[in-house]
Each structure stands twice: as C-alpha cells, then as structure tokens.
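Written out below as structure tokens is the structure these notes cover.
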Amino acid sequence: MCTHDQDIKSNLEVKKGSEMAHGIAHEKAHNKWSRRSFLRGLGISGGMGMMLGHLPVNALSSSPLNMLLDGGNTDRVLVMIRLKGGNDGLNTLIPLYDFDTYRNNRPQISKQVGDTIQLTNEHAINQNLERLMPLWNNGQMKIVNGVGYENHNLSHFRSSDIIASASDAEQIEDSGWLGRHLNDCFPDFLTNAPEHPSAVQIAGGGSILFGGGEGGVNNYALTVSSPDQLFEIAQTGQLYNLDGLPECTYGEQLGFLRTVANTTFQYAEVIKERFDEGVNGVNYTTSLGQQLALVARLIKGGLRTQFYVVTLNGFDTHANQESDHDNLMNTLGTAVSNFYADLKLEGKDESVLAMTFSEFGRRVQENASRGTGHGTASPTMLFGPSLNGNGIIGDNPDLNDLDSNGNLKFTTDFRSIYATVLEQWLCLDAQQVDAILFRNFARLELGLRCQTVSASPWVDIPKIKHEVRYHDHGRAFIYYELERTQYIKVVIISISGKHLKTLQNGSQPGGQYALDVNLDRQFVMAPLIYRISINDQSYSKTLPLLKI
Amino acid sequence: MLFWSNHFVTRVEDYNCPSYAYDYFRMLEENALGNFRSFVEQIGTSPSMLVYLNGVQNTRFQPNENYARELLELFTLGRDNNYTQNDITEAARALTGWNGFTEACAPITYISDFHDPGQKTIFGQTDNFDYNGLIDLIFEQRSREAANYICSKLYNFYINREANEDIVAELAQVFLDKNFELAPVLRILFKSEHFFDEAHLGGVIKSPIESMYGFIKESGFPVEETVIGGANPTSAFVALYFANAEQGQALFDPVDVAGWLGDRDWINSTSLTNRWNIIDFFIFDFFQNHRDDLIVWVQELVDNSNDPYFITKRVIDYFIPLELQSEQDYNNGVEAFKWEVPENYFEDESWNLDWDQEIVGGQIVFLLRFISRLPEFQMA
C-alpha cells in the first residue's frame with residue numbers, strides 16, 4: 001500500500017521524483033544511465049562475470065608485488081558502512097546552530113533538545129547514537145558536515161552510482177573510485193590475482209564501487225548477498241555445502257557439480273583460514289552487527305583484504321520516520337561501538353578506518369506523513385583511533401539558503417573525503433589521488449597520518465596505457481603506448497590460462513602501437529584475456545571480441 | 001536428435017561436404033522417431049557414414065573392417081555383446097560394394113563388381129549375405145541384444161547414467177514387440193512414472209549445448225533470429241555453435257566415434273566457468289535488445305506477482321529439475337533480485353514488475369545470472 005506524500009505547506013514546487021507519489025518519475029529523475037555502463041558494472045559485458053569472486057582458474061599465483069603486502073601502510077583497512085536509502089542528516093546531526101529553522105520545518109519529526117546529545121555549541125547527535133559517545137570522547141570519531149555534490153541527483157540508483165564512481169552528476173562513469181585505485185595496484189589481476197580478496201562486500205551486488213571499468217577488471221570485490229552466506233563460506237571453507245544431500249542419483253550429481261563449483265571459488269580457503277584464526281571478543285546484535293562481527297573476525301584473523309563494505313538498509317524514510325530512523329541510529333551506534341571494542345582487544349583498532357556513506361540526505365521540510373523526501377547534503381561519520389581526535393569538519397549548511405528545490409546546498413564535496421582517505425590513509429601520492437578522482441579535490445583535516453615517509457608500494461608500478469579498440473566493423477586491436485624502448489611481449493590467453501596466440505615478442509622503440517588480434521571466428525564468444533609483459537611487470541585486461 | 005548424432009556418429013571435419021552433412025542431418029531427423037532397423041539400413045549407406053567409417057574403401061579386394069566393427073560394437077549391439085572378431089571380418093565382406101565414389105561430395109553408389117559375393121559365416125549362420133542380408137541377420141539373430149543395448153542407451157541419455165535393469169528390460173520387450181519402432185518406446189519412457197520418479201529427476205548433467213541452448217529456449221527467445229555482437233554481428237545461432245566448440249562440443253564433430261563421453265565429463269572448473277561466461281553474453285543480449293520481451297516473459301511466468309520472493313522462486317524453479325536444497329538458497333536469489341532497490345519499496349508493495357523498466361530489467365538480469373551459476377542449473 002503506497003502512502004502518498006503531499007507537500008502542502010511548501011510554496012516551492014516539489015521537485016519531481018523526490019517523492020514516492022511520483023512513482024516511476026521517482027526513479028527516472030535525472031536518470032541518465034547508459035545501459036552499457038550499468039552492465040559493465042555488473043561485470044557482464046566484458047564477459048568476465050565475477051559475481052562471488054569467481055576467478056579464472058589458473059589466475060592464482062603469487063607475484064613479487066603481492067609479496068610486498070606486509071608492513072608499510074598496507075595493513076590499513078577501510079570499512080565503508082553503507083546507509084542504504086538516503087540518511088536523514090538533520091535528524092542524525094542536529095543543527096543547534098539554527099535550531100529554530102530546523103524545528104519550524106519539522107514540527108512533527110524534529111528532535112527535541114532533550115532527545116539529543118550535545119557535541120559542540122553548534123551540533124548535537126541523535127540520542128540513539130549514544131553508544132558512539134565513548135568513541136567521540138576518546139578522539140576516535142569525526143563528522144563531516146554538509147557532504148554532497150553539485151546537482152545532487154535524487155534517484156537512488158543514479159546517485160548511488162555517482163557516489164560509487166566519484167564522478168560529476170552529469171558524467172556517466174562505469175568504474176568505481178576504489179576500482180580505479182585497484183586498477184593501479186593490480187594491473188595484472190586477471191592472470192595474477194592476489195592470494196587474499198582485494199575487497200569484500202556484503203550485500204553490495206551490482207554496485208560499481210569496485211568496478212575497474214575499461215581500465216581494468218570488471219569487479220575486484222568478493223560480494224556475498226548476506227552475512228549468512230559469508231559466514232557459511234568462512235565456516236566450511238566452501239561455497240557450497242557437500243553434506244546433507246539426498247541419497248540418490250540427483251544428490252550425487254549435485255554433489256559433483258557443487259564440488260566443481262567450489263573449486264572455481266578461489267577465496268573460500270583463505271577466508272576460512274583467517275576466520276578460524278580470528279575470534280570475536282564481543283557480542284554483536286542486529287544484521288549490521290553480524291556483518292561487522294565477520295569483518296572484525298577476518299581482520300583479527302589476518303585476512304589481508306583492505307576494503308570492506310557493509311550495508312544497513314532502511315533509510316528511505318518517506319513516512320513515519322521517527323521510530324524507523326531512531327532504530328537505525330541505534331543499530332548503527334551499537335554495531336560500530338562493538339566493532340571497535342572488538343578490534344581493540346587485539347590492538348587492531350588503530351589500523352581500521354570506518355566511514356559511512358549514503359546516496360543522499362533528506363529534505364529539510366517534513367512531509368505530511370511524518371517522513372521526509374529525498375534530499376541532498378548530509379553528514380558523513382568516520383570512526384577509529386587513526387583520526388587522532390574528534391570534531392565536526394566542514395562548514396554548516398545553511399538552512400535558510402536552500403537550492404531551487406528546497407534542499408540543502410552542500411558545503412563539502414564527497415570526493416574531498418575520498419581524496420583525503422586515499423592520500424592520508426592509503427598513502428598514495430597526490431598525483432595518483434587526483435588521477436583516480438579525475439581532478440583535484442581539497443583535502444580535509446581528518447587527523448589521518450601516513451606512517452612512514454615513503455609512499456605506498458603501488459606508486460612504483462610503471463603505468464602503461466593499453467586498451468582494446470575496435471575498427472572496421474568491430475575488428476579488435478590491442479592498442480598500447482610505450483614511453484621508451486622496451487622489450488615487450490603481448491599474448492592472448494583463454495580464461496583457463498591456455499596460451500592462444502603471441503602478438504608481439506621483442507624490443508620496440510617508444511611510441512603507439514596497435515596489434516590486430518585477428519583470431520578465428522570460433523573464438524567470438526570465448527572469454528579471452530590479453531597480457532602485456534614488460535620487464536618483471538605484467539598488465540592484463542579482458543579481450544572481448546564481441547564489441548557491445 | 002542430439003541422442004542420435006551421438007549414436008550414429010560421423011564427423012563433419014572428416015567428410016567436409018555440405019551435401020553429405022545435409023543428408024546425414026536429414027536422415028537423423030527423419031528417423032529419430034521412426035524405425036530403428038530401417039534407420040540402421042539407411043545410415044550405413046549414407047555418404048557421410050561411408051566416408052567417415054571407410055565403407056567407401058571397403059571392397060572385396062581390400063576389405064576394411066572399420067564400419068563392420070562399429071556397426072556391431074557401437075550402433076547395434078554394444079561392445080562385446082555376443083559377437084566375435086570373426087563375425088566382424090565376415091560382416092565386412094558382406095558390406096562391400098558401396099564404393100562408387102566419383103568426385104568429392106557427389107553421391108556414393110553401389111558397384112556390384114566390388115561386392116564380395118561369397119559365403120560368409122556370421123553369428124553361426126552361413127549364406128552369401130549382402131548389405132541388406134546382414135542387417136536382416138543382425139535383427140533376427142541378435143534382436144534381443146540390440147533391443148537391450150539401444151534401450152539402455154536411451155535410458156542413460158534421458159534418465160540416469162546408471163541403468164535400471166528392470167525398466168530397460170521392459171522397454172526392450174516393447175521395442176521387440178513393435179518391431180523396433182522407436183516412437184512407442186520413447187512414448188513409454190517419457191510418460192512413465194519412472195521418468196518422473198523423483199529419484200531420477202535431475203539425474204543427468206547437461207552437455208554444453210543443452211545447458212546453453214536450453215536456457216535460451218526455455219526463456220522463449222528467438223535465438224535463430226537473434227543477432228548479437230553489435231558492431232560485429234553474428235547470428236546467435238552461429239555464435240552458439242562456436243561457443244559450444246570452445247567447450248569441446250562442436251556439434252556434429254565429436255571427439256571420436258564413441259561420441260562424447262558425456263555427463264560428468266562435461267564439467268570441470270574451466271568448462272563450468274566457460275558456461276557462465278557464455279550465458280552472460282546471452283543474458284546481456286536479452287537485456288540490451290529484448291528487454292521488454294524479457295520482462296513480459298517473467299510477468300507471465302509469475303502471474304504478474306509483485307512479491308519478490310515468489311517471483312524469485314518461480315523463475316528459479318522454472319530452470320531447474322528439482323527444488324533447491326534450502327530456503328537460504330532461495331533467499332540468496334531474492335537478494336540478488338532485489339539488487340539496489342531500497343527495502344521500503346518492497347515493504348509497502350509499491351514495487352512491481354511494471355516499475356521503471358530499466359531497473360526491473362536489471363533485476364531480472366541479476367536473477368538470471370544467479371540462476372545460471374547454480375549447480376542445479378547444469379542438471380536436467
């Protein structure tokens with residue numbers, strides 16, 4: 001049953017698509033997808049579906065580079081907490097700096113001062129985040145205010161993509177910011193994947209956050225649909241259970257098929273190993289708690305995954321939001337506080353930075369159903385001792401200076417947070433950071449510091465430009481550029497590692513090259529990879545012969 | 001069709017004539033539900049078979065035993081099923097004469113001068129058997145063996161890799177009684193309770209072509225007319241052929257005369273991953289070029305339900321022989337299907353299959369991919 005929001009109080013025309021009643025317009029608002037980019041994010045169009053982290057069978061072998069994963073800044077972990085649906089920032093971080101305007105806009109659902117916990121003169125937090133206060137008081141929590149972007153899109157799908165791809169609102173980008181970072185780290189992922197998953201996502205299937213786009217692998221993340229599924233894998237060391245199958249031919253056949261499927265899932269073993277090594281020292285509740293419990297245990301067990309994404313659903317509070325939102329706040333606060341308490345038991349809390357993200361905030365003005373429509377700017381919360389202090393960062397969004405749709409104007413571009421994290425937590429150099437985010441974004445004072453003077457090992461990988469291009473009705477060419485004379489080898493291999501063709505093997509002077517792939521028509525649907533080797537470094541990408 | 005091309009095996013590569021291939025294909029089609037005895041008669045003198053198994057070279061002056069051996073060992077009786085080496089040698093003599101090869105790809109005729117007219121002793125019977133005489137002899141003297149052999153092969157193909165002897169015996173009896181008419185046997189096989197017996201449902205692992213073509217056909221797509229490949233268009237049908245080849249099942253080009261070993265041999269981690277990748281191409285094509293049809297197909301399948309769990313289960317169950325092992329398995333599918341749609345749209349039931357078609361289409365894509373990754377999907 002659909003509740004219809006009617007914004008009867010406002011003189012402003014409610015932006016079409018921001019309210020539930022607008023139905024399909026709700027999602028079509030500024031929905032400038034291209035199907036192509038959507039499918040790339042799924043990992044389909046390149047022909048290398050990596051749902052659940054299936055890898056080419058022969059892909060696993062340790063490269064010298066992967067061995068460098070010990071020490072330095074590479075045991076640092078980033079945990080992203082997704083607030084799915086659009087978090088109501090104003091009831092999360094209550095604006096004491098303009099409390100009257102806040103209350104006037106939300107006579108029904110605004111927080112009373114008594115229902116908040118004061119942080120500074122200008123801000124208070126929702127009382128249900130109480131469990132976070134020890135973190136705040138110990139200098140392990142910061143909040144960036146007014147986070148958003150220009151022309152903030154109000155469609156869940158489109159805005160999630162923008163946030164994940166870190167692109168401008170009008171840009172269609174099919175790679176994620178972390179995917180692009182991982183492109184730099186693992187130019188040869190397809191034929192030389194790391195022993196530990198690069199990223200683990202719980203319930204993030206379809207997100208392009210870890211998509212490498214044209215620049216690399218379709219998706220770096222191991223994505224599971226639920227904490228239960230990850231738990232299963234961690235406990236059994238397998239994707240599929242081989243016990244309890246019916247005793248008959250069907251059961252035998254299914255067992256056989258499951259066994260083979262299990263072998264394609266390369267990471268089950270290492271996840272189980274690390275899971276067994278790790279232990280939870282705290283009792284977690286709620287689904288978010290379950291997810292963070294798994295993450296904590298894997299981190300404590302020594303899994304070398306650097307990126308985790310967990311999800312809390314339910315933030316799209318169009319109606320009767322008070323209890324819903326309060327519950328979500330409670331869940332968030334409890335889970336995060338348990339998480340850090342657990343990590344701290346083994347001193348791991350210092351190497352884990354956590355941050356929330358949401359596709360958008362919500363409207364300043366409440367609606368007639370005691371809820372709020374899609375909005376724009378909202379606060380981002382960060383957690384961990386690595387923050388070296390507490391505080392509210394960024395200018396306060398002005399509740400009286402709203403945009404033409406009655407929404408808050410952002411004061412901090414979300415990419416500034418990402419830039420700061422990339423530079424001061426993952427310790428990439430500034431140029432690399434700006435390349436990943438497509439341009440420079442002002443860094444924030446988040447208190448993060450890099451451990452050593454030397455930059456991360458990823459900077460040392462020489463980059464070369466290479467991609468597949470199509471000419472003459474779809475004929476595929478491998479295009480690359482060399483900066484100077486190099487001894488270079490280019491081969492085509494099948495997904496199983498079988499060598500199919502060598503296109504180049506020898507020294508070439510600096511310049512641009514295009515190699516005609518020219519394979520038989522019989523390979524038109526085979527999943528292929530090309531691999532460029534220069535000195536000790538390899539670079540690989542998928543080679544789709546069907547240009548889509 | 002698939003069964004018979006894997007039974008009366010020839011290799012396109014070896015004879016390499018479109019006219020022969022057409023002839024072979026047509027013969028399989030016409031006889032698949034016809035009379036087995038007549039099938040055997042016809043296939044042995046078809047040019048594709050004569051070339052492939054060297055019948056065309058088998059003359060009274062230089063006998064070639066190849067076809068004789070395979071006729072008994074693979075096509076009619078089964079390995080070592082009541083025949084001797086001597087039977088083979090003598091049978092080869094009986095088969096001589098089909099040597100009229102004039103030019104490439106022309107029909108092959110019978111030349112009586114090249115036929116060995118002498119007495120041959122086969123299965124303990126002596127006479128001057130010729131081609132038809134030999135066939136008659138096989139079906140008279142070894143009718144039981146032939147019936148048993150063919151019926152157990154049919155059983156293995158359609159039901160279970162391990163034959164149930166009683167059932168096979170029943171079928172063989174019918175086969176004999178009906179003078180080797182195939183239709184009655186198949187009718188019984190497919191209608192029998194045994195066929196649907198839970199113990200056997202899903203007992204067979206699909207070959208690549210079944211896995212992929214089945215997927216496409218089951219979802220009702222006009223694969224023959226479908227063109228994929230955007231800038232480099234190829235008919236989907238052709239692409240499918242090559243995709244099969246990639247997986248080791250080049251249609252009409254089996255590895256050797258025994259046909260593909262089938263069943264578990266199809267599956268290893270490489271071939272499984274290949275299947276997934278190839279199905280992804282088709283799923284993508286559905287989304288790119290037939291999205292609206294895809295959604296309508298799902299709507300019809302689920303009676304336009306707007307319950308994500310119900311929809312997921314219906315679609316999953318459509319593609320697999322038996323239900324999934326647990327609730328959790330279905331829930332994983334539901335999660336995939338819900339994708340990025342925030343929870344509240346399901347809770348207040350405002351979501352349905354008529355919603356933004358880009359999104360619904362995407363959801364279905366996710367669900368189809370999920371299904372294609374299920375081990376159960378590879379079972380028939």
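Do we find a residue being in contact with a helix residue (DSSP H, G or I) (Cβ under 6 Å, 6 or more places away or on another chain), part of a loop (DSSP other than H, G, I, E, B) and more than 12 Å from chain B (Cβ to nearest Cβ) anywhere in the stretch A:262-272?
Scanning the stretch A:262-272 turns up at least one residue that is in contact with a helix residue (DSSP H, G or I) (Cβ under 6 Å, 6 or more places away or on another chain), part of a loop (DSSP other than H, G, I, E, B) and more than 12 Å from chain B (Cβ to nearest Cβ).
Specify the residue that is farthest from the other protein chains (Cβ to nearest Cβ); the eligible residues are those in the stretch A:249-261 that are of a type outside the set (S, T, Y) and open to solvent by 30 Å² or more (accessible area, probe 1.4 Å).
Looking at residues that are of a type outside the set (S, T, Y) and open to solvent by 30 Å² or more (accessible area, probe 1.4 Å), I get A:E252.
Return the residues of the stretch B:53-66 that are touching a helix residue (DSSP H, G or I) at 6+ places or on another chain (Cβ under 7 Å) and either without any contact (Cβ under 8 Å) to a residue 60 or more places away in the chain or surrounded by fewer than 22 Cβ atoms within 10 Å (Cβ to Cβ) (or both); say none if nothing qualifies.
B:N54, B:G55, B:V56, B:N58, B:T59, B:R60, B:P63, B:N64, B:E65
Just to be sure before I move on: is B:V298 within 30 Å of the chain's Cα centre (by Cα), more than 9 Å from chain A (Cβ to nearest Cβ), closer than 30 Å to A:L154 by Cβ and touching a residue at least 40 places away in the same chain (Cβ under 8 Å) in the structure I sent?
Taking the combined requirement at face value, the residue satisfies it.
With respect to the numbered conditions (1) under 24 Å from B:F3 (Cβ atoms); (2) buried (at least 18 other Cβ atoms within 10 Å of the Cβ); (3) at pLDDT 85 or above, which one is the sole condition not fulfilled by B:N31?
(3)
For the stretch A:400-434, name all the residues that are acidic (D, E) and either touching a strand residue (DSSP E or B) at 6+ places or on another chain (Cβ under 8 Å) or under 29 Å from A:D98 (Cβ atoms) (or both).
A:D401, A:D403, A:D413, listed by residue number.
I'd like the full set of residues that are open to solvent by less than 20 Å² (accessible area, probe 1.4 Å) and assigned to a loop (DSSP other than H, G, I, E, B), limited to the stretch A:390-421.
Within the stretch A:390-421, A:P397, A:L399, A:G406, A:N407, A:L408 meet the criteria.
Regarding A:T223, is this residue surrounded by fewer than 20 Cβ atoms within 10 Å (Cβ to Cβ) and β-branched (V, I, T)?
It is false that A:T223 is surrounded by fewer than 20 Cβ atoms within 10 Å (Cβ to Cβ) and β-branched (V, I, T).
Within the stretch A:230-241, how many residues turn out to be more than 11 Å from every other protein chain (Cβ to nearest Cβ) and over 23 Å from the mean Cα position of the chain (by Cα)?
So the count comes out to 4.
Counting just the residues of the stretch A:160-216 that are of a type in the set (A, V, I, L, M) and more than 16 Å from the chain's Cα centre (by Cα), which one comes out surrounded by the fewest Cβ atoms within 10 Å (Cβ to Cβ)?
Within the stretch A:160-216, the match that is surrounded by the fewest Cβ atoms within 10 Å (Cβ to Cβ) is A:A169.
A quick yes/no check of all residues on (1) open to solvent by 20 Å² or more (accessible area, probe 1.4 Å); (2) more than 7 Å from chain A (Cβ to nearest Cβ):
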site	(1), (2)
B:F346	yes, yes
B:Q357	yes, yes
B:G361	no, yes
B:P375	no, no
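For the stretch A:310-325, give me the residue count where each residue is open to solvent by less than 30 Å² (accessible area, probe 1.4 Å) and either in contact with a Phe, Trp or Tyr (Cβ under 8 Å, 6 or more places away or on another chain) or of a type in the set (D, E) (or both).
Looking only at that region, the number is 2.
If you go through the stretch A:328-339 one residue at a time, do you hit one that is among the hydroxyl-bearing types (S, T, Y), open to solvent by 50 Å² or more (accessible area, probe 1.4 Å) and closer than 22 Å to B:Y345 by Cα?
So far as the stretch A:328-339 goes, no, none of its residues is among the hydroxyl-bearing types (S, T, Y), open to solvent by 50 Å² or more (accessible area, probe 1.4 Å) and closer than 22 Å to B:Y345 by Cα.
Residues of the stretch B:276-285 being more than 8 Å from chain A (Cβ to nearest Cβ) and modelled with pLDDT of 75 or more, which ones?
B:I279
Does A:H181 fit the bill of being touching a residue at least 24 places away in the same chain (Cβ under 8 Å), more than 10 Å from chain B (Cβ to nearest Cβ) and not in a helix (DSSP H, G or I)?
Judged against the criteria, A:H181 is not a match.
From A:E252, A:E247, which residue is assigned by TED's automatic domain parsing to the domain that holds A:V336, assigned to a helix (DSSP H, G or I) and farther than 30 Å from B:Q363 by Cα?
One residue alone meets the criteria, A:E252.
The values are calculated or read from the model by the stated rules, or taken from the named source; none is laboratory data. Note that the structure is predicted; figures quoted are calculated from it, not measured. FYI the Cβ positions are ideal-geometry reconstructions off the backbone, even for glycines, and counts take in every protein chain you see. Note: areas computed on protein heavy atoms with side chains; ligands, DNA, RNA excluded. Shrake-Rupley method; radii C 1.70, N 1.55, O 1.52, S 1.80 Å.
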